[in-house]
1. Of all residues in region 1-36, how many are at pLDDT below 85 and not aliphatic (A, V, I, L, M)?
2. Got at least one residue in region 60-74 being surrounded by fewer than 13 Cβ atoms within 10 Å (Cβ to Cβ) and at pLDDT 85 or above?
3. Taking VAL185 as meeting all but one of (1) under 14 Å from LEU304 (Cβ atoms); (2) touching a helix residue (DSSP H, G or I) at 6+ places or on another chain (Cβ under 6 Å); (3) not basic (Lys, Arg), write down the number of the exception.
4. Out of LEU189, LEU157, LEU126, report the one residue that is outside the structural domain of TRP228 (by TED's automatic domain parsing), in contact (Cβ under 8 Å) with a residue 24 or more places away in the chain and of a type in the set (A, V, I, L, M).
5. Quickly run through region 307-319 and pick out the residues that are part of a helix (DSSP H, G or I) and either surrounded by 19 or more Cβ atoms within 10 Å (Cβ to Cβ) or on the phi > 0 side of the Ramachandran plot (or both).
6. Suppose we filter ARG174, ARG164, ARG103, ARG98 for residues that are farther than 20 Å from ALA17 by Cα and of a type in the set (D, E, K, R); which single one remains?
7. Would you check which residues across region 237-254 are farther than 18 Å from PHE179 by Cβ and surrounded by 15 or more Cβ atoms within 10 Å (Cβ to Cβ) and list them?
8. Residues of region 236-287 being in a helix (DSSP H, G or I), among the β-branched types (Val, Ile, Thr) and touching a residue at least 40 places away in the same chain (Cβ under 8 Å), which ones?
Amino acid sequence: MPLAAAPVNAQRLPSAALRRFAWAVLVYFIAVILWGTLVRATGSGAGCGEHWPLCNGTVMQHSARIDTLIEFTHRLTSALSFFSATALLIWTFAGTVRGHLARGAAVAVVAFTIIEGLLGALLVLLGLTAQSQSPLRAPYLALHLTNTLLLLGALTLTAHLLSRRQGYLRSNVRLVAPFGAVASVVIVLIVGVSGSLAALGDTLFPATSLGSAFAQDFSGTSGWLVRWRWTHPTVAFLASVFLIWLLVRAAQRSTLWDNRSLSALVLLLLAAQYVLGVLDVVLLAPLWLQVAHLFGADVLWAALVVLTARLTLEPVKAE
């Protein structure tokens, strides 16, 4: 049976406005990430030339090309994401009591946001955009995607902890099965990185038909990025075995929360990702499907972070 609900001192809880703002910032960041996919998939990363933070050496763009508008919009929304992360940090410290776990998560959000901005700047300054086939692009993209997922994870954790009515102070939680939590994070990061490299291969070496795509995957003359593509569905399938185990365990665990609904949602999102992945292969990764696939991955990642936090950061007594 779940733990009995205990009286809560409302004066020690974050305001409803702060909780809503935290979730809104998470939604905004996901939108920025999806726009970044549009930048990559359309080859618009060089739309502002090799200038950063200016676009083509200026602030205002007159008679801009479509690729310039796409890249410039991404830069503007990314800049706003930094200010929203900073506002979340300040409000979290002002609106929570000392020892609130959301404070540390909010600090991580700002740190990862700064790193994200620096990685974006280097992407432009090193010329790793548009149709660049530099050997640096793939490992750099893997690093960028890893930081993006960690940023989304920190944002989700901040919003979740701010929404808790119990188990939000360092002194009133215990760490349960940390190995499983770390393993789940690492596994999903590996899946995400393999997916980002597969998407880069689709962008740089597009196939004209399903048959030619399979031929490229196993051709000795294809670049390693193309021959890498088959590893993503393989890694995703193996990871799903672990995730399903985690979901079964979550549904059976007795905690403060009833995890059955969230576990079912994660399982549904996981199944949806498989459907989108198959369509991605069959339809040769059209832009709208790449965006939908990434959106599903981001939502799945956020749901997994909340579920893992519920299982790992367990309240030990009423607050």
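The values are calculated or read from the model by the stated rules, or taken from the named source; none is laboratory data. All values reported here derive from a predicted model rather than from experimental measurement. No Cβ is skipped: glycine too gets one built from the backbone with ideal geometry, and neighbour counts run over all protein chains shown.
1. The qualifying residues number 5.
2. Yes; the residues of region 60-74 include at least one that is surrounded by fewer than 13 Cβ atoms within 10 Å (Cβ to Cβ) and at pLDDT 85 or above.
3. For VAL185, the failing item is (2).
4. Numbers: LEU189 fails: outside the structural domain of TRP228 (by TED's automatic domain parsing); LEU126 fails: in contact (Cβ under 8 Å) with a residue 24 or more places away in the chain.
Going through LEU189, LEU157, LEU126 in turn, just one is outside the structural domain of TRP228 (by TED's automatic domain parsing), in contact (Cβ under 8 Å) with a residue 24 or more places away in the chain and of a type in the set (A, V, I, L, M): LEU157.
5. LEU307, THR308, ALA309, ARG310, LEU311 - these are the residues of region 307-319 that are part of a helix (DSSP H, G or I) and either surrounded by 19 or more Cβ atoms within 10 Å (Cβ to Cβ) or on the phi > 0 side of the Ramachandran plot (or both).
6. When all the criteria are applied, what remains is ARG174.
7. If the condition is that a residue be farther than 18 Å from PHE179 by Cβ and surrounded by 15 or more Cβ atoms within 10 Å (Cβ to Cβ), then SER240, ALA251 are the ones that fit.
8. Here is the first cut: in region 236-287, the ones in a helix (DSSP H, G or I) are 236-252, 260-282, 287.
Now restrict to residues that are among the β-branched types (Val, Ile, Thr): 241, 244, 248, 266, 275, 278, 281-282.
Passing the criteria: VAL266, VAL281, VAL282.
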